[in-house]
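The values are calculated or read from the model by the stated rules, or taken from the named source; none is laboratory data. This structure is a prediction, so every number in the text was calculated from the model and none was measured. Here the Cβ is made from the backbone with ideal geometry for all residues, glycine too, and neighbour counts use every protein chain on show.
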């Protein structure tokens, strides 16, 4: 299945069809709740089913709380760190910039958005001319806060990944216990 590219508001469906309304909908099954949380996660991070399956199998082999580890690993990806640093406004923009090779990770070119970054790593722009890009320039003018596990230097345009995020700093909208089952 390919990536969902349509309007994200369509993900939230109407409860009843247009016109004269009939009986209320049936309750969701447990599987439906699990599937909904999984789709939420896939839409948020732009993953496909195979990527999520591979990540789960890797995390189950590690042990520990699979749900929290899933969010920690997803926030440790290169595209997520670029997005969290407030350099770009969407995760898709972050993915595209990484895909096009605009970033260096510890001085080496990396063009894989799913690259898992280790704490202590430094992400910088490949070319200083990117500072003149109007999208990046507008996001630099906004004083948006960055998470405490990232240090973003606006002068040098470098992102330092300080530590793995704590469970309290992660996305609260996703119930990872439903996904991890």
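Details
- Taking the criterion of being assigned to a loop (DSSP other than H, G, I, E, B) and within 17 Å of the chain's Cα centre (by Cα), the residues of region 164-181 that qualify are 164, 165, 166, 170, 171, 172, 173, 174, 175.
- Of the residues contained in region 74-86, one or more are found to be in contact (Cβ under 8 Å) with a residue 12 or more places away in the chain, under 23 Å from residue 132 (Cβ atoms) and outside any helix (DSSP H, G or I).
- Scanning region 128-143 for residues that are assigned to a loop (DSSP other than H, G, I, E, B) and surrounded by 11 or more Cβ atoms within 10 Å (Cβ to Cβ) yields one hit, 133.
- Residue selected from region 144-161 under the condition assigned to a loop (DSSP other than H, G, I, E, B) and within 18 Å of the chain's Cα centre (by Cα), by the criterion surrounded by the fewest Cβ atoms within 10 Å (Cβ to Cβ): 145
- Any hit, region 96-118, residues being more than 17 Å from the chain's Cα centre (by Cα), part of a helix (DSSP H, G or I), at pLDDT below 90 and farther than 30 Å from residue 178 by Cβ: no
- Residue check, residue 114 closer than 29 Å to residue 36 by Cβ, surrounded by 15 or more Cβ atoms within 10 Å (Cβ to Cβ) and touching a strand residue (DSSP E or B) at 6+ places or on another chain (Cβ under 6 Å): yes
- Meets criteria (at pLDDT below 90 and surrounded by 13 or more Cβ atoms within 10 Å (Cβ to Cβ)) for residue 86: yes
- Scan of region 41-55 for residues that are more than 10 Å from the chain's Cα centre (by Cα) and either without any contact (Cβ under 8 Å) to a residue 40 or more places away in the chain or within 30 Å of residue 133 (Cβ to Cβ) (or both), ordered by number: 48, 50, 51, 52, 53, 54, 55
- The conditions of being within 25 Å of residue 117 (Cα to Cα), modelled with pLDDT of 85 or more and buried (at least 17 other Cβ atoms within 10 Å of the Cβ) are met by residue 42.
- Checked against (1) surrounded by fewer than 18 Cβ atoms within 10 Å (Cβ to Cβ); (2) at pLDDT 90 or above; (3) outside any helix (DSSP H, G or I), residue 64 passes all but condition (2).
- Once region 1-39 is narrowed to residues that are modelled with pLDDT of 80 or more and part of a loop (DSSP other than H, G, I, E, B), the residue that is farthest from residue 78 (Cα to Cα) is 27.
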